[in-house]
1. Report the chymotrypsin sites (Phe, Trp or Tyr not before Pro) located in the range 42-98 that are in a DSSP loop and have at most 13 other Cβ atoms inside 10 Å of their Cβ, or state none.
2. If you take the alpha carbon radius of gyration of the range 52-108 and divide it by 2.2 N^0.38 Å, what ratio comes out, to two decimals?
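Read the figures in this text as sums done on the coordinates, not as results from a lab. All values reported here derive from a predicted model rather than from experimental measurement. Cβ placement follows ideal geometry from the backbone for every residue including glycine, while neighbour counts extend to all protein chains displayed.
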Amino acid sequence: MVILFIIYGDSVSCHLPLRNRQYPLSLALTLTLTLALPACMQFKDPLHGITLETIGTELVARHGWAELGYVIDIRCFTQDPSVKSSLTFLRKTPWARKKVEDLYLQGLR
């Protein structure tokens with residue numbers, strides 16, 4: 001399938017197979033990316049569909065709170081740890097969430 005997009009500032013003309021209509025640029029780029037990749041390749045993120053609660057629960061089951069607190073030095077893992085308090089902290093703190101997600105991904109490999 002070949003799609004020709006002609007960009008005019010904030011809009012774009014889309015030629016074949018969408019019958020020569022004008023669409024907003026953001027929609028045209030979305031269509032291009034969606035049509036260019038097969039469905040199985042559109043989500044490259046290995047964490048897609050996995051909740052933070054699932055990640056936390058599996059890490060606690062795999063490592064335990066003591067080892068989690070040692071590997072990732074975060075107070076919510078070392079002082080009175082619980083899944084609920086950890087989730088609250090991780091949702092508010094991007095750098096800590098990144099460390100937890102990285103540890104989870106290491107366990108998957």
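1. 43
2. The reported ratio for this selection is 0.96.
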